[in-house]
């Protein structure tokens, strides 16, 4: 950085965007600068679609405002979200035998394990469920099952659930 003495005038030096008199910035200098608050430039969140406005139909808006809306929002059996379960089982006859699995119907899966339908659990039947975890997304459930079957997942399960 060059220091200038007060007695030395700056010759030919003019700040960018300043008027020729050097007193006030020249807004008509023709230099276009980035303005982060201009509405024509989308923010980072909007560019990824995180802040896109919801489009609500008139009928949906009327349902939302009507007094009957809470009754309509209740789920029936046909609209129920299917749940996906990751379960941890332990053998009743040999407590050192453990099993981690995934299913979408937990009661049916436990009956099939105890009936001997699975060759991996047939030898140590009957089984009891130690813990289970419900997920609304199948992918999350399968990823969690895969994690519990990994080395660090086994250590986590041994410390927290067994």
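Observations
- Residue, farthest from residue 153 (Cα to Cα), within region 81-96, restricted to residues that are within 34 Å of the chain's Cα centre (by Cα) and surrounded by 12 or more Cβ atoms within 10 Å (Cβ to Cβ): 83
- Odd one out for residue 137, checked against (1) exposed (fewer than 13 other Cβ atoms within 10 Å of the Cβ); (2) under 30 Å from the mean Cα position of the chain (by Cα); (3) under 19 Å from residue 156 (Cα atoms): (3)
- Scanning region 110-125 for residues that are surrounded by 13 or more Cβ atoms within 10 Å (Cβ to Cβ) and in contact with a strand residue (DSSP E or B) (Cβ under 8 Å, 6 or more places away or on another chain) gives 110, 113, 114, 121, 124, 125.
Here, each number is a calculation from the coordinates, and none is a lab measurement. Keep in mind it's a predicted model, so treat the numbers as computed, not measured. When we count neighbours, we look across all protein chains shown, and the Cβ atoms used for this are built from the backbone with ideal geometry, even at glycine.
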